[in-house]
Amino acid sequence: MPGKDSRLTGRRRDWLLGGALLAGLFGWVHWQVGWATLLAPWRLLAPGELLGLLAVALLSYLARGVRLYRYFPALLRGHLAATLRLSALHNFANNLLPMRLGEATMPLLMYRYFGHRITDSALALLWIRLLDLHVLAVIALFAGWLANGSAAWLWALAAGFVVLPLGYRLRGWLTGRLADRPGRAMGFARALLAALPDHGGRFAEVYGWTLLTWLSKFVAFTLVLQHFTGLPLWQAVAGVIGAELSSVLPIHGVAGAGSYEAALVLALAPLGVDSAVALTGAVNLHLFLLGVTLLLGPLALLLPRPKHDV
């Protein structure tokens, strides 16, 4: 079966590329910084501070799960615990598997737990990711304002929020325009529009949970990055944005290793940050991310599954 063989070959290639990035990261750290020097600042982080950072990161996980719960209110009503479990396992797989293979976890678990069509879940996930990108753009504009205080950044920030409801209002108009159009592409476009929340209030609520997801994550991650680098707030925010955008790269390492660090270092390079400082912050921030992932992912297995798990 050539289709099956090509899929197996692709998976082997993904794991080989991911493994190569992981090995490259170990060599990069060893030659540029040294592992002992890189990890030393962990000793200066008080246990209470670390617990506080973990609590804020946990808030991000909870907000992410509630966002999914409110995206499908009719389907998921009464299954908040199972939705939190699904969301945490999706995030766990996404953070650990190479080449974003973990994204497939969400549609598969939506089908397994709730019988929701995989294609419909995948289209909803596409919209969720677009909302994620919008929030990252908003945070980037805020970081720009922090950098120089120009009012132009605030005007751009306001415009970004105005565009969102205007874009949603196009849904009804486009749905009517595409209703009778034949063809596979038109069918896909109708399905994509149908995957949006069914009214503006629901869309705004989902966006609000998206905003809370990212703000809580950025609070924790920015503080971690500042602890290991001493960067000013706006540069730390820019570094976290670069690291988070590594998820859209065509090459993504095992557990993000290599690609996550490279994206953060590259984001800070034009800002004049020394590459050794940026690398130190990137690796330790990634270790914090993986620590949260490995802690909360298995804990999610303690949450109940729905009784009609298929």
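Matching residues to (1) on the phi > 0 side of the Ramachandran plot; (2) in contact with a helix residue (DSSP H, G or I) (Cβ under 8 Å, 6 or more places away or on another chain); (3) not acidic (Asp, Glu):
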residue: Ala74; (1), (2), (3): no, no, yes
residue: His79; (1), (2), (3): no, yes, yes
residue: Leu84; (1), (2), (3): no, yes, yes
residue: Ala93; (1), (2), (3): no, yes, yes
residue: Leu97; (1), (2), (3): no, yes, yes
residue: Arg100; (1), (2), (3): yes, yes, yes
residue: Gly115; (1), (2), (3): yes, no, yes
residue: Asp120; (1), (2), (3): no, yes, no
residue: Leu123; (1), (2), (3): no, yes, yes
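Restricting Gly160, Gly102, Gly144, Gly78 to residues that are part of a helix (DSSP H, G or I), closer than 21 Å to Gly201 by Cβ and out of contact with any Pro (no Cβ under 7 Å at 6 or more places or on another chain) narrows the list to Gly160. In segment 32-55, the residues that are under 14 Å from Val224 (Cα atoms) form Cβ pairs under 9 Å with partners that are at pLDDT below 85 and β-branched (Val, Ile, Thr), at six or more places apart or across chains, as follows: Leu38/Val29.
Would you confirm, using the coordinates I've provided, whether Arg64 is crowded, with 20+ Cβ neighbours inside 10 Å, of a type outside the set (Gly, Ala, Ser) and under 24 Å from Leu164 (Cα atoms)? Let's see the steps before the verdict.
Working: crowded, with 20+ Cβ neighbours inside 10 Å: yes; of a type outside the set (Gly, Ala, Ser): yes; under 24 Å from Leu164 (Cα atoms): yes.
So Arg64 passes the test.
Looking only at segment 261-277, which residues are without any contact (Cβ under 8 Å) to a residue 40 or more places away in the chain, in a helix (DSSP H, G or I) and farther than 15 Å from Val237 by Cα?
Ala262
Here Phe142, Phe72 are screened, and the one residue that is free of Cβ contacts under 8 Å to residues at least 60 places away in the same chain, aromatic (Phe, Trp, Tyr), within 21 Å of Gly208 (Cβ to Cβ) and out of contact with any Ser or Thr (no Cβ under 8 Å at 6 or more places or on another chain) is Phe72. Do we find that Gly78 is more than 23 Å from Ala282 (Cα to Cα) and touching a Leu at 6+ places or on another chain (Cβ under 7 Å) in this structure? The answer is no for Gly78. Among the residues of segment 98-112, is any buried (at least 17 other Cβ atoms within 10 Å of the Cβ) and more than 21 Å from Leu68 (Cα to Cα)? Yes: one or more hits.
All conditions but one from (1) in contact with a helix residue (DSSP H, G or I) (Cβ under 9 Å, 6 or more places away or on another chain); (2) of a type outside the set (Lys, Arg); (3) in a loop (DSSP other than H, G, I, E, B); (4) farther than 26 Å from Gly65 by Cα apply to Pro182; the one that does not is (1).
Sub-7 Å Cβ pairs linking a first residue in segment 188-204 that is of a type outside the set (Asp, Glu) to a second residue that is not in a helix (DSSP H, G or I), at least 6 apart or interchain, are Phe203/Leu196; Phe203/Pro197, ordered by first then second residue. Checking each residue in segment 91-113 for being under 25 Å from Ala257 (Cβ atoms) and of a type in the set (D, E, K, R) picks out Arg100, Glu103.
The values are calculated or read from the model by the stated rules, or taken from the named source; none is laboratory data. As the structure is a computational prediction, the values presented were derived from the model and not from experiment. Positions of Cβ are generated from backbone atoms using ideal geometry, with glycine treated the same way; all protein chains shown enter the neighbour counts.
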